[in-house]
Amino acid sequence: MGKSPQRERNVWSTVLITAAALIAAWASIELAFKPFLTAGRASINRELDPDYDPDDELDDGAARPKSPNAEAKDAFESLKNQSSTSKNS
């Protein structure tokens, strides 16, 4: 009672199609939920960092990154200060 070559070929075809479907499903989930997964992975990496102290963010405002608007405002203020000091000189 040996297996026929056709049956063995069908088994391998089924395995290959199933593997391709699983890979496509995984890729589509990664793509669809990318913002959530990126934020979650960053949070996990931060929590696993031995040098990370959550109290530092609460105590020191410098630990938090500035928003682009705040950085632009700071740059504008520094340019304004530079131009006013050069006019006074």
Could you go through segment 16-30 and let me know if any residue there is β-branched (Val, Ile, Thr) and more than 26 Å from the chain's Cα centre (by Cα).
yes
Restricting attention to segment 32-50, report how many residues are more than 12 Å from the chain's Cα centre (by Cα) and modelled with pLDDT of 90 or more.
1
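The values are calculated or read from the model by the stated rules, or taken from the named source; none is laboratory data. Everything numeric here is computed off the predicted structure, so don't read it as measured data.
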